[in-house]
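See structure below.
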Amino acid sequence: MPDTVATGVEEASDLALLPDGSFITISDTQKELSITDRDGETTVYELDGIKGKTTGFEAVTFDPERQHYLVVSEDKAKMYRYDSNLELLDKIDIDIDGSDNKGVEGMTYLPANGSPTGKPMLLLAKEGKPKELHLLDPSGDGKLQQLELDSALKGALGDFSGLAYDPVSKHVFVASEESAMLAEVEITGSKARLISTHPLVDASGNALERVEGIACDKDGVYALTENDGLIHRYSR
């Protein structure tokens, strides 16, 4: 994979990985989900069940156990669940207010061996006012479980704009658009603790602008920038 891959997605708003290594991206304006392979070939799928002119999509992930695609609309405060053929299964209300444009901005799937509950969970990030992290069952059943953030994590990032589970460390990466920063976070029980921070920069050393999503696998970390729809690769 080159250092950057162009997705071609307009107003790209989040990033996730499929088991085969392909990237999932969404747009907060288009009713579409795009899948981009490591060579930059993108396939676009139209998503149904969305009312209104814009989607407000700000978070996406993939549930490998159920083979479901999960997409959250920030302003509608809903999670849309699609099957492996991207047919809409249901809509789930998410009790995180996004009316001030500070709602859900990222989501990642935690496997059982990387989840504080010992079973697969979704981790959702609220962008700000205040910054929050919540656990939710991938089925959408049950209530959100808010995590307690330590003071170092609260102070390190200006906002939360993306989430990714790291299968190597079993920690979580949290991205910040405002700070152009990546934080490594350990989740134990109901607490989230800052481990380290890393600047998000381009090949010239300039801070990335408008980081809207991140993904992670055993080879590296990937950051999505909104304005140009580029995926930036960081090797371990």
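Each value in this text was obtained by applying a stated rule to the coordinates, not by laboratory testing. Quick caveat, the model's predicted, so the values are computed rather than measured. In this analysis, Cβ positions are derived from the backbone assuming ideal geometry, glycine residues included, and neighbour counts consider all displayed protein chains.
Can you grab the distance from the C-alpha centre of region 189-205 to the C-alpha centre of region 1-57, Å, no decimals?
What the calculation gives is 24 Å, centre to centre.
Specify which labelled value, from (1) 18.8, 58; (2) 22.0, 68; (3) 15.9, 46, agrees with Rg and Dmax of the Cα atoms in Å derived from the coordinates of the model shown.
(3)
Given a Förster radius of 25 Å and the C-beta distance between Gln145 and Lys170 as r, what FRET efficiency does 1/(1 + (r/R0)^6) yield to the nearest 0.05?
Values: r = 18 Å, r/R0 = 0.74.
That pair, Gln145 with Lys170, gives E of 0.85.
List the GluC sites (Glu not before Pro) in region 55-150 that DSSP assigns to loop (not H, G, I, E or B) and whose Cβ has at most 13 other Cβ atoms within 10 Å. Which are they? Mind dumping the intermediate values first?
Details: sites: Glu58, Glu65, Glu74, Glu87, Glu105, Glu127, Glu132, Glu148; in loops: Glu65, Glu74, Glu87, Glu127.
Of the GluC sites (Glu not before Pro), the ones in loops of region 55-150 whose Cβ has at most 13 other Cβ atoms within 10 Å are Glu65, Glu87.
With each label point set 7 Å from Cα along the Cα-Cβ vector, what nm distance links Val44 and Ile92?
If labels sit at Val44 and Ile92, their model points lie 2.9 nm apart.
Per-residue counts of other Cβ atoms within 10 Å, averaged by peptide: what ranking do you get for 217-230, 30-43, 4-17, highest first?
4-17, 217-230, 30-43
Ordered by residue, what ³J(HN,Hα) values in Hz, to whole numbers, does region 163-174 give under the Karplus form 6.51 cos²θ - 1.76 cosθ + 1.60, where θ = phi - 60° and Gly and Pro are x?
Couplings: 9, 8, 8, 9, x, 7, 8, 6, 9, 10, 9, 10 Hz.
Under a straight-distance cross-link criterion of Cα-Cα below 21 Å, which lysines are reachable from Lys91, leaving out those fewer than 8 residues away in the same chain?
Lys31, Lys51, Lys53, Lys76, Lys78, Lys102, Lys126, Lys143
Dipole size in debye (nearest 20) for region 4-235 around its Cα centre, Lys and Arg Cβ +1, Asp and Glu Cβ -1? Can you show the working numbers first?
On the way: 22 positive and 43 negative charges, 137 e Å.
About 660 debye.
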